[in-house]
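Asker: One structure follows; several queries about it will come next.
The values are calculated or read from the model by the stated rules, or taken from the named source; none is laboratory data. Since the structure is predicted, the reported quantities are computational estimates derived from the model, not experimental observations. Heads up, the Cβs are rebuilt from the backbone with ideal geometry, glycines too, and the neighbour counts pull from every protein chain shown.
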């Protein structure tokens with residue numbers, strides 16, 4: 001039985017290729033059934049996110065081309081359109097790759113935790129669809145345990161590695177809890193969206209999104225139950241905010257010292273925490289001069305972010321050691337399965353011999369034979385029949401000087417050298 005992982009991600013394929021290879025969530029169950037109906041795999045799980053599409057498979061034979069052919073056919077792609085971007089891993093490399101994905105070591109943001117939830121959902125979908133079995137069930141449960149160990153035993157997720165996360169983390173340190181705070185987000189691009197997501201995870205009390213295009217602000221606000229306002233209302237609403245985080249593409253400052261002075265006066269000089277993530281800056285640097293305004297720029301956060309990235313890279317080295325150990329452990333389990341049919345056959349054969357001899361013994365007892373004689377005959381017959389096959393094979397091995405089989409027999413039957421004299 002072989003384990004295979006095959007796919008594309010943010011490092012191997014541009015977004016226009018990843019779009020074509022993605023699976024919609026509502027189509028996953030049908031896709032899982034389709035690949036199994038083509039007999040390309042015995043077990044399969046499909047992970048599809050904005051940054052990666054991967055198939056995790058259990059195969060009877062290492063035939064990754066059949067999996068790739070199905071993948072291309074399903075998405076109506078030519079092999080030449082996708083094969084340059086495809087990577088594949090087999091055996092222990094596939095196992096370690098799965099562990100690395102679960103632990104966030106293969107993510108665009110090193111150590112990010114979201115991928116673990118996405119992988120768990122992908123496995124749950126496959127499991128519910130009946131597309132997984134003994135191999136993948138064990139692989140994914142092991143992956144989730146490895147991801148937990150990596151987070152527990154290393155500092156891979158302990159520090160912020162994006163300016164958006166760093167900004168929210170700093171706000172959390174200043175206010176200890178964000179549940180009672182109102183946050184004003186200026187802009188509606190990717191950075192502000194990521195900031196809103198982090199704020200939402202921290203349970204912020206209220207969010208207001210201000211943007212020049214109010215439709216875009218409304219679209220972003222809906223996802224987080226926030227309020228959307230046009231940028232023109234900023235002067236009137238500024239005093240509502242305990243925290244202001246800004247990131248727009250404006251070439252000129254949006255928030256000046258005068259507007260901040262008026263807002264602080266309305267707030268009766270309750271402090272305001274401001275983070276300017278924009279380049280060029282959205283907030284006039286003179287705001288720093290105000291006693292109750294605490295302004296940080298993207299440069300203030302970059303040093304923290306880079307130091308944290310360095311810390312995560314160091315933690316990743318420790319995480320790889322964990323993955324090496326756990327990968328070997330999984331492969332030992334997988335290889336042990338190869339002996340199961342032989343063990344089962346040996347037990348079945350032995351049980352069949354036992355039943356034959358037991359029935360013979362019962363018949364002898366029913367005839368009134370001496371019980372001691374019956375027991376002795378039963379033991380003799382079982383011993384002869386159980387050792388006949390191995391003895392014949394060993395005699396043949398001896399004739400053919402097959403020392404390897406003779407040595408294996410000593411280990412298998414736990415025989416000392418003296419017992420073979």
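Asker: Out of contact with any helix residue (DSSP H, G or I) (no Cβ under 6 Å at 6 or more places or on another chain) and on the phi > 0 side of the Ramachandran plot: does that describe residue 401?
Answerer: On the way: out of contact with any helix residue (DSSP H, G or I) (no Cβ under 6 Å at 6 or more places or on another chain): yes; on the phi > 0 side of the Ramachandran plot: yes.
Answer is yes for this residue.
Asker: Looking only at the range 139-160, how many residues end up being in contact with a helix residue (DSSP H, G or I) (Cβ under 7 Å, 6 or more places away or on another chain) and in a helix (DSSP H, G or I)?
Answerer: 10
Asker: Could you tell me whether any residue of the range 70-85 is within 16 Å of the chain's Cα centre (by Cα) and assigned by TED's automatic domain parsing to the domain that holds residue 115? Steps first, answer last, please.
Answerer: The first filter runs over the range 70-85 and keeps only residues within 16 Å of the chain's Cα centre (by Cα), leaving none.
No, the range 70-85 contains no residue that is within 16 Å of the chain's Cα centre (by Cα) and assigned by TED's automatic domain parsing to the domain that holds residue 115.
Asker: Return yes or no: is residue 155 closer than 21 Å to residue 313 by Cα and surrounded by fewer than 18 Cβ atoms within 10 Å (Cβ to Cβ)? Steps first, please.
Answerer: Working: closer than 21 Å to residue 313 by Cα: yes; surrounded by fewer than 18 Cβ atoms within 10 Å (Cβ to Cβ): yes.
Against the criterion (closer than 21 Å to residue 313 by Cα and surrounded by fewer than 18 Cβ atoms within 10 Å (Cβ to Cβ)), residue 155 qualifies.
Asker: Do we have any residue at all in the range 53-65 that's in contact (Cβ under 8 Å) with a residue 24 or more places away in the chain, under 16 Å from the mean Cα position of the chain (by Cα) and farther than 24 Å from residue 325 by Cα?
Answerer: As a first pass, look at the range 53-65 and keep what is in contact (Cβ under 8 Å) with a residue 24 or more places away in the chain: 53-62, 64.
Filter once more, so that each one left must be under 16 Å from the mean Cα position of the chain (by Cα): 53-57.
The next check asks that each one be farther than 24 Å from residue 325 by Cα; those that pass are 53.
The answer is yes, given that some residue of the range 53-65 is in contact (Cβ under 8 Å) with a residue 24 or more places away in the chain, under 16 Å from the mean Cα position of the chain (by Cα) and farther than 24 Å from residue 325 by Cα.
Asker: Now for a different question. When the range 161-201 is examined, which residues are found to be surrounded by 17 or more Cβ atoms within 10 Å (Cβ to Cβ), on the phi < 0 side of the Ramachandran plot, at pLDDT 85 or above and part of a loop (DSSP other than H, G, I, E, B)?
Answerer: Across the range 161-201, the qualifying residues are 178, 181, 188.
Asker: Look through 173, 141 and report the one residue that is closer than 30 Å to residue 30 by Cα and free of Cβ contacts under 8 Å to residues at least 24 places away in the same chain. Give the derivation first.
Answerer: Details: 173 fails: closer than 30 Å to residue 30 by Cα.
Being closer than 30 Å to residue 30 by Cα and free of Cβ contacts under 8 Å to residues at least 24 places away in the same chain holds for just one of 173, 141, which is 141.
Asker: Look at residue 115 and say whether it is in a helix (DSSP H, G or I), at negative phi and buried (at least 22 other Cβ atoms within 10 Å of the Cβ). Step through it out loud before you land on a result.
Answerer: On the way: in a helix (DSSP H, G or I): yes; at negative phi: yes; buried (at least 22 other Cβ atoms within 10 Å of the Cβ): yes.
Yes; evaluated as a whole, the condition is true for this residue.
Asker: Could you grab me the full set of residues in the range 77-87 that are free of Cβ contacts under 8 Å to residues at least 24 places away in the same chain, over 25 Å from residue 100 (Cα atoms) and touching a helix residue (DSSP H, G or I) at 6+ places or on another chain (Cβ under 9 Å)?
Answerer: To start, the set of residues in the range 77-87 that are free of Cβ contacts under 8 Å to residues at least 24 places away in the same chain comprises 78-80, 83-84.
Subset that is over 25 Å from residue 100 (Cα atoms): 78-80.
Result: 78, 79.
Asker: Within the range 319-329, can one find any residue that is assigned to a helix (DSSP H, G or I) and over 30 Å from residue 57 (Cβ atoms)?
Answerer: Initial filter on the range 319-329 (assigned to a helix (DSSP H, G or I)): 319-329.
Imposing the further condition that a residue be over 30 Å from residue 57 (Cβ atoms) reduces the set to none.
Checked the range 319-329: no residue is assigned to a helix (DSSP H, G or I) and over 30 Å from residue 57 (Cβ atoms).
Asker: Among the residues of the range 285-305, is any surrounded by fewer than 11 Cβ atoms within 10 Å (Cβ to Cβ), over 21 Å from the mean Cα position of the chain (by Cα) and either assigned to a helix (DSSP H, G or I) or modelled with pLDDT of 80 or more (or both)?
Answerer: Our first condition is that a residue be surrounded by fewer than 11 Cβ atoms within 10 Å (Cβ to Cβ); within the range 285-305, this holds for 291, 303.
Remaining after also requiring over 21 Å from the mean Cα position of the chain (by Cα): 291, 303.
If we keep only those that are either assigned to a helix (DSSP H, G or I) or modelled with pLDDT of 80 or more (or both) as well, we get 291, 303.
Within the range 285-305, one or more residues are surrounded by fewer than 11 Cβ atoms within 10 Å (Cβ to Cβ), over 21 Å from the mean Cα position of the chain (by Cα) and either assigned to a helix (DSSP H, G or I) or modelled with pLDDT of 80 or more (or both).
Asker: Which condition breaks for residue 242 when tested against (1) surrounded by fewer than 19 Cβ atoms within 10 Å (Cβ to Cβ); (2) in contact with a strand residue (DSSP E or B) (Cβ under 7 Å, 6 or more places away or on another chain)?
Answerer: So residue 242 meets the others, but not (1).
Asker: Only one of these conditions is not met by residue 21: (1) in contact with a strand residue (DSSP E or B) (Cβ under 7 Å, 6 or more places away or on another chain); (2) over 19 Å from residue 107 (Cβ atoms). Which number is it?
Answerer: Here residue 21 clears every test but (2).
Asker: In addition: Among the listed residues 124, 145, 94, which satisfies the condition of being modelled with pLDDT of 90 or more, over 20 Å from residue 324 (Cα atoms) and under 15 Å from the mean Cα position of the chain (by Cα)? It would help to see each step written out before you state the result.
Answerer: Values: 145 fails: over 20 Å from residue 324 (Cα atoms); 94 fails: over 20 Å from residue 324 (Cα atoms).
The conditions single out 124.
Asker: Tally the residues that are surrounded by 11 or more Cβ atoms within 10 Å (Cβ to Cβ) and more than 24 Å from residue 143 (Cβ to Cβ), restricting the search to the range 323-345.
Answerer: Going through the range 323-345 one residue at a time, the tally reaches 0.
Asker: Here are some residues: 126, 188. Which one is touching a strand residue (DSSP E or B) at 6+ places or on another chain (Cβ under 7 Å), farther than 22 Å from residue 310 by Cβ and without any contact (Cβ under 8 Å) to a residue 60 or more places away in the chain? So that I can check it myself, show each step before the final result.
Answerer: Working: 126 fails: without any contact (Cβ under 8 Å) to a residue 60 or more places away in the chain.
Answer to the check: 188.
Asker: If only one of 275, 279 is under 18 Å from residue 162 (Cβ atoms) and surrounded by fewer than 21 Cβ atoms within 10 Å (Cβ to Cβ), which one is it? Lay out the reasoning, then the answer.
Answerer: Values: 275 fails: surrounded by fewer than 21 Cβ atoms within 10 Å (Cβ to Cβ).
Going through 275, 279 in turn, the sole match is 279.
Asker: What number of residues within the range 218-252 are assigned to a loop (DSSP other than H, G, I, E, B) and at pLDDT 95 or above?
Answerer: Here is the first cut: in the range 218-252, the residues assigned to a loop (DSSP other than H, G, I, E, B) are 223-226, 241-242, 247-252.
Checking which are at pLDDT 95 or above leaves us with 226, 241-242.
The qualifying residues number 3.
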